[in-house]
Every structure is written in C-alpha cells, then in structure tokens.
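What follows is one structure encoded as structure tokens, with my remarks underneath.
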Amino acid sequence: MEEVRVKRRIVLVPVPAQGHVTPIMQLGKALYSKGLSITVVLTQFNRVSSSKDFSDFHFLTIPGSLTESDLKNLGPYMFLVKLNQICEGSFKQCIGQLLEEQGNDIACVVYDEYMYFSQAAVKEFQLPSALFSTTSATAFVCRSVLASVNAESFLLDMKDPEVSDKVFPGLDPLRYKDLPTSAFGPLESVLKVYCETVNIRTASAVIINSASCLESSSLAQLQRKLQVPVYPIGPLHIAASASSSLLEEDRSCIEWLDKQKLGSVIYISLGSLALMQTKDVLEMAWGLSNSNQPFLWVIRPGSVPGSEWTESLPEEFNKLVSERGYIVKWAPQMEVLRHPAVGAFWSHCGWNSTLESIGEGVPMICRPYTGDQKVNARYLERVWRIGVQLEGELDKGAVERAVERLIVDEEGAEMRKRAIDLKEKLEASVRSGGSSWSSSLEDFVNSLKTKNSM
Ligand code: UDP
C-alpha cells in the first residue's frame with residue numbers, strides 16, 4: 001500500500017511587538033510538542049527572544065525597511081498598514097523558496113491577525129492557513145462590530161457622554177466607551193485595520209489564545225459568524241510556557257518581594273506600549289503612598305513622555321515612592337504574579353497580562369489605556385468580578401480607595417476567591433482532557449493531518 005505522507009511544517013508570522021510575539025511563540029512551542037516543525041518568518045523590524053525554548057525552530061527574515069523612527073512617526077496603526085504593504089511581495093517570495101527547499105512541506109501558515117499580508121502568498125500557493133488572534137474572543141467580536149460601523153456617526157456617539165455610557169446593543173455589559181477604539185491612530189484608520197483583521201479570507205480556522213471557561217458566549221458568537229472552526233487553545237502561557245521577553249528583566253525585584261508580607265504588594269505594570277502623563281504618575285504615587293501598602297512599579301523607559309525614565313519627574317515623586325515602593329524598568333512578570341507577597345495587579349489590562357493575572361489568581365486594579373484593554377477591563381470588573389476599574393481623571397483619593405478595596409476590604413478577599421476559582425478552571429482547560437488542550441489544540445492538529453495527507 002502506498003505510504004501516506006503528512007506535511008509537518010507550520011509557518012508562523014508574528015507581529016513585531018511583545019504582546020503578540022509572546023503568545024505566537026508559545027503556540028509554536030505547543031505545536032512543536034505535537035510533532036510539528038516550526039518556521040518563524042520575521043520582518044526586519046522583529047526581534048524574538050533567543051531563548052533555548054525555541055532552539056529547534058527555524059527562523060527566516062524577509063526584507064522590509066521600516067525602522068524604530070518609522071514606528072515613532074507613523075504610530076502603531078499606520079506602521080502596521082505600511083508593514084503589510086511592504087511585506088506582501090517579499091513574503092510570497094519567501095514562501096515560494098521555502099516550498100522549493102523543503103519539498104512542499106507546509107502544513108499550515110498560522111499568521112497573527114494583524115499580519116494579513118500573509119494571505120496573498122497563501123492564496124498564490126494554495127496553502128492551508130489559520131488566523132491567530134492574540135486578543136480575547138470578545139475583543140474579536142467587538143472589532144467585527146466596529147468594522148461595520150460608520151466612523152463619522154460612531155465618533156459623534158462617542159463624544160456624547162449619554163450615549164458613550166450606554167451598553168452597546170448586543171454586547172452587554174460593554175458600553176460604547178468600552179469598545180476597542182484606539183489612542184494609537186484616528187478612528188477611520190483604526191477601523192480600516194480592523195476590517196482587515198476580521199476578514200479571514202481563505203483561512204480555514206481561527207485560533208484564539210483564550211479558554212471557553214472565560215468567554216463561552218463570545219466564542220460561540222464568533223463560531224456562528226465565521227463559519228470556520230474556532231479553536232480556543234489558551235491560555236498559552238500555562239499550556240506552553242516559554243520565555244520570550246524582548247527586554248532585560250530586572251530580577252532584583254524578586255528579592256525585594258521576598259521581604260514583603262504575604263498578599264500585601266500591589267504590582268503595577270502597563271505592558272510594553274502604554275504611555276502615562278506626568279500628572280497621572282504623580283496622582284498614582286500619591287495614592288499608593290497614602291494607601292500605606294508596599295508597591296512594585298514597572299516604569300518602562302520612554303513610557304512617560306518628556307522623560308527618559310524617572311529622572312525628569314518632579315522631586316516629589318522620589319519622596320513618595322522611596323518609603324514603600326520599588327521601581328524597575330522591566331520585571332519577570334510571571335514570576336512576580338506568582339509571588340506570594342503580591343496581593344493585586346494594577347494593569348493596563350492587555351490580554352496577556354489579563355490571562356497571566358487570572359492564571360495566578362491575582363485580582364486587578366484596571367486602568368486600560370487603549371484598544372481591547374477597555375474590553376478586558378470591563379470583563380474583569382463586571383463578568384469575572386475580579387477587578388476594580390479606575391475610570392475618568394486619575395485622582396489620588398480614588399487610587400487609595402481602590403488599593404484599600406482590593407488589599408484590605410472583605411470585597412478584595414471575595415475577588416481573590418473568584419480569581420483562584422478561575423485560575424483552577426484555566427489550569428483544568430489546558431490539562432490533558434481539558435477544553436483548550438485536548439479538544440481545541442488536538443482538533444486543530446488533527447484537522448491539519450486530514451487536510452494535508454497526500
Ligand atoms: N511584561 C513583562 N515584564 C514587564 C511588563 C510586561 O514580562 O515588566 C510582559 C507581560 O508578562 C506580558 C507582556 O509583557 O506577557 C505584555 O503583554 P500585554 O498583552 O499585557 O500588553 P501589551 O504590551 O501588548 O500592551
């Protein structure tokens with residue numbers, strides 16, 4: 001009988017940003033553990049960690065001449081649009097060459113939803129492809145909704161406080177103002193990018209870094225809408241943890257945490273892109289200092305406009321943080337969240353940070369900056385009920401109160417119980433037999449075998 005040869009190579013196409021690189025590399029690790037070979041296609045702008053977790057992966061870089069200063073000048077959204085234009089041709093060439101060299105062995109091109117240029121090559125070479133979403137299913141649903149609104153009238157609605165506070169029809173409990181509009185570009189250009197990201201074209205599957213215990217109804221809604229299998233395979237940081245930090249982690253904060261009381265510390269981090277105004281930094285410092293709780297604060301260099309790091313902040317800042325605070329430029333976040341001294345996470349609510357916090361059973365103070373972070377913050381407060389959202393102008397009194405609610409009050413203890421309950425559900429979903437690992441990841445891998453047997 002003729003032997004059936006099954007194609008084994010997965011081509012991954014990550015977005016060059018920490019919050020996207022981390023989960024797609026973890027996905028690569030999960031697929032590798034199922035016997036697939038991994039090729040990661042990078043643009044010249046990408047960096048990936050050289051962690052030994054990926055030593056068996058094959059890396060290729062396609063030409064494209066965008067620079068750090070292009071990112072600064074264009075802003076993240078127009079940068080992505082430009083990157084997609086520049087990379088379409090070179091990616092086609094790269095895939096053509098790969099097919100020749102590897103003997104037609106590509107089982108699937110798995111591309112980040114924001115790297116939609118990948119679809120041109122997929123179409124030309126008639127390859128199976130899957131879209132990988134690094135946001136929640138709920139945020140995907142929201143982007144689909146926004147992709148079909150009229151930008152002008154939506155802007156008017158958003159400017160009217162009465163409307164923007166109302167629940168958006170069909171998306172309860174999300175309000176108009178919780179929808180993932182962005183601080184990184186004008187609404188019109190953001191909506192154009194959303195149209196591209198939610199258009200799955202010929203992709204035969206959508207993979208999401210989420211789990212059904214978190215958002216079953218959004219996942220079901222997406223499944224109905226997209227008409228291709230939707231695989232919630234997350235949280236990947238539990239299923240296939242891999243070190244993929246692009247910045248150097250300052251581990252001295254772990255020693256500092258070792259000296260703090262159980263459950264007493266507020267860990268503060270706003271991820272890899274969010275910015276903070278000096279006046280908000282000061283309100284935060286006042287509120288944290290007044291709360292009398294210890295705090296570990298990640299202040300990324302360049303995240304406070306007008307200041308390299310903290311040196312140009314008013315002297316008052318140093319006084320406020322010197323007593324109970326510890327500041328680093330970048331932390332080993334997973335290790336910090338796992339530390340028994342950490343009682344709450346003040347976060348911008350990026351999807352990775354959200355999953356990582358829930359995965360450690362840590363309740364959150366939610367201060368979203370932009371995009372899908374607003375969706376996640378609303379879910380943390382209203383659906384999972386493990387967070388307190390700080391809305392409107394940041395004010396030291398509100399900061400102090402939020403810390404008290406989470407760390408001191410009974411309300412915080414209740415939130416922690418719910419967070420631990422969710423943590424256990426997440427862990428179960430990525431165990432053998434669980435919904436993410438067995439049903440979703442294995443179904444996806446099996447679907448490749450049927451599609452690719454020759
Ligand atoms: N992170 C980290 N150290 C820090 C701050 C953040 O390792 O000091 C990691 C964090 O664990 C998460 C990622 O950076 O995996 C941030 O991703 P997220 O989706 O939360 O936010 P984004 O950076 O995309 O806004």
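Points worth noting:
- Extension gain (nm, one decimal) between E162 and L275, 0.36 nm per residue minus Cα-Cα: 37.9 nm
- Summing Lys and Arg as +1 and Asp and Glu as -1 over all other residues whose Cβ lies under 10 Å from the Cβ of T39 gives a net charge of 0.
- Between the amide H of W330 and those of D250, distances stay under 5 Å, these residues lying 5 or more places away or on another chain, with hydrogens modeled in the peptide plane.
- Cα centroid of the stretch 322-337 to Cα centroid of the stretch 44-71, whole Å: 27
- Label-point gap, in nm, between A398 and K123 - each point 7 angstrom along Cα→Cβ: 4.6
- Taking Cβ atoms as reference points and 14 Å as the exclusive limit, the residues near T134 contribute a net charge of -3, counting Lys and Arg as +1 and Asp and Glu as -1.
- Charge context of W286, other residues only, Cβ under 11 angstrom, K/R +1, D/E -1: -2
- Cα Rg, Dmax, the stretch 340-454, angstrom units: 17.7, 66
- Aspartates and glutamates with Cα under 18 Å of K7, excluding same-chain neighbours fewer than 8 positions away: D56, E100, E101, D105, E442, D443
- Backbone phi angles across the stretch 216-222, fed through the Karplus curve with coefficients 6.51, -1.76 and 1.60 (θ = phi - 60°), yield HN-Hα couplings of 5, 6, 5, 5, 5, 4, 5 Hz in residue order; Gly and Pro are listed as x.
- Our estimate of slack between D172 and N150, defined as 0.36 nm per intervening residue step minus the Cα-Cα distance, is 5.9 nm.
- Theoretical gain in end-to-end length, T67 to D105 [0.36 nm per residue, Cα-Cα removed]: 10.4 nm
- Loop-located GluC sites (Glu not before Pro) in the stretch 307-359 (DSSP state other than H, G, I, E, B) with a sparse environment of at most 16 neighbouring Cβ atoms within 10 Å: E308, E311, E323.
- Long pairs among K159/K279; K261/K396; K319/K423, criterion Cα-Cα beyond 30 Å: K319/K423
- Global dimensions of the chain from alpha-carbon coordinates: Rg and Dmax equal 22.0, 79 Å.
- For the chain, the mean residue ellipticity at 222 nm estimated from helices alone is -13500 deg cm²/dmol, where every DSSP H run of n ≥ 4 contributes -39500 (n - 2.57) and the total is divided by all residues, rounded to the nearest 500.
- Relative intensity, log₁₀ I(q)/I(0), of the stretch 9-96 from a Debye sum that treats every alpha carbon as a point, q = 0.12, 0.16, 0.19 Å⁻¹: -0.38, -0.65, -0.88
- Protection proxy ranking, highest mean first, for peptides 151-164, 424-437: 424-437, 151-164, where packing is the per-residue count of other beta-carbon atoms within 10 Å, averaged.
- Entry comment: accessible area of the stretch 124-185 is 43 Å² per residue, from protein heavy atoms only and a probe of 1.4 Å.
- Applying the Karplus relation 6.51 cos²θ - 1.76 cosθ + 1.60 with θ = phi - 60° to the stretch 77-85 yields 3J(HN,Hα) values of 6, 5, 4, 5, 4, 4, 4, 5, 5 Hz, where x marks Gly and Pro.
- Inter-label distance for R251 and T310, nm, one decimal - labels placed 7 Å from Cα along Cα-to-Cβ: 2.2
- Measuring between their Cα centroids, the stretch 139-192 and the stretch 111-136 lie 25 Å from each other.
- DSSP bridge pairs, the chain: antiparallel proportion in percent, nearest 5: 5
- Carbon + sulfur, % of accessible area of the stretch 1-121 - ligands and nucleic acids excluded, 1.4 Å: 49
The values are calculated or read from the model by the stated rules, or taken from the named source; none is laboratory data. Just so you know, these numbers come straight off a predicted model, no measurement behind them. Cβ coordinates were reconstructed from backbone atoms using ideal geometry, including for glycine residues, and neighbour counts include every protein chain displayed. All accessible areas refer to the heavy atoms of the entire protein, side chains included, with ligands and DNA or RNA removed. Shrake-Rupley method; radii C 1.70, N 1.55, O 1.52, S 1.80 Å.
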